[in-house]
Each structure stands twice: as structure tokens, then as C-alpha cells.
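Chemist: One structure follows; several queries about it will come next.
The values are calculated or read from the model by the stated rules, or taken from the named source; none is laboratory data. This structure is a prediction, so every number in the text was calculated from the model and none was measured. No Cβ is skipped: glycine too gets one built from the backbone with ideal geometry, and neighbour counts run over all protein chains shown.
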Amino acid sequence: MDTIVVINESHSLMEEQENILSQFNYEFYKIPSSGMVLSEISQMVEELSNYDNVVFVSPIPAAFSIIINKMKNGNWNSKVYNFHNDKREKVELPNGKIIMKVASTGWVLV
């Protein structure tokens, strides 16, 4: 398998991003807009390990990529953690639309 592009299902690639990715044979791994619980993220990571290339469409994973490369080169000694919350709350917007948002409690460091 070649390349998997991890992207929120409510987002799309910009033209320049599509042009950059055109060098790869790629498919999408769409993240639900409601988010994922930690067990789903762990499962996703297992699935992503089957690809030659994994591309995240978000600025935060870019920081993780830089850190990982520094770790590989022995230039990073700090532990890295991320906040995660499996809890979601339903919220009704003024227009009647129901959305899910991350709860204010239930946070863990992973």
C-alpha cells in the first residue's frame, strides 16, 4: 500500500495540497467530525502502520512529525504527551442543529 491521508470528514484538501499529493497513490482515512475515542485512535494507528506514507492534514501533527524525526536522530530527550478526552456532549445550536463537543471533564494525558 502506498499513502493514506488522514483528514477530518468535514474538511477537504486545497488545490495546492492535492497537487503535492499527486506524486502518491493515495486514499483517505476520514476522521469523524464528532471525534474519536482513544480506543478508536489506537485502532487507527494499527491500520495506518500498513501504509508506506501517512499524511495528516492538520498543523498539530506537523509538530509531532518534527519531534519524531528529532527523536530518530537522537536530538530529542523530552517525553511527549497529548491531552485526550473520550467524552462528548450534545449541544443544540440556536438554529436547531445538534453538534457534539468535547466535554469539559474526562481529560487524560497519553
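Chemist: Taking K72 as the residue in question, decide whether it is surrounded by 11 or more Cβ atoms within 10 Å (Cβ to Cβ) and of a type in the set (D, E, K, R).
Modeler: no
Chemist: Being among the polar types (S, T, N, Q), surrounded by fewer than 10 Cβ atoms within 10 Å (Cβ to Cβ) and either at positive phi or outside any helix (DSSP H, G or I) (or both), is that true of even one residue in region 5-17?
Modeler: No, the conditions are met nowhere in region 5-17.
Chemist: Ok, one more. Of everything in region 51-100, what is aromatic (F, W, Y), in a loop (DSSP other than H, G, I, E, B) and farther than 30 Å from N25 by Cβ? Give them in sequence order.
Modeler: W76, Y81
Chemist: Could we say that N82 is surrounded by 10 or more Cβ atoms within 10 Å (Cβ to Cβ), out of contact with any Lys or Arg (no Cβ under 8 Å at 6 or more places or on another chain) and in contact (Cβ under 8 Å) with a residue 24 or more places away in the chain here?
Modeler: Yes: the conditions hold for N82.
Chemist: Somewhere in region 52-67, is a residue exposed (fewer than 10 other Cβ atoms within 10 Å of the Cβ), at pLDDT 85 or above and over 23 Å from L109 (Cα atoms)?
Modeler: No, there is no match, as no residue in region 52-67 is exposed (fewer than 10 other Cβ atoms within 10 Å of the Cβ), at pLDDT 85 or above and over 23 Å from L109 (Cα atoms).
Chemist: Tell me, please, whether a residue that is under 29 Å from G106 (Cα atoms), in a loop (DSSP other than H, G, I, E, B), touching a strand residue (DSSP E or B) at 6+ places or on another chain (Cβ under 7 Å) and among the aliphatic types (A, V, I, L, M) can be found in region 29-39.
Modeler: No - not one qualifying residue is present in region 29-39.
Chemist: Looking at region 24-40, I want the residues that are in contact (Cβ under 8 Å) with a residue 24 or more places away in the chain and have a partner that is among the hydroxyl-bearing types (S, T, Y) and part of a strand (DSSP E or B) with Cβ atoms under 9 Å, at least 6 apart or on another chain. Which pairs are those?
Modeler: Between residues of region 24-40 that are in contact (Cβ under 8 Å) with a residue 24 or more places away in the chain and residues that are among the hydroxyl-bearing types (S, T, Y) and part of a strand (DSSP E or B), the close pairs are F24/T3; Y26/T3; E27/T3.
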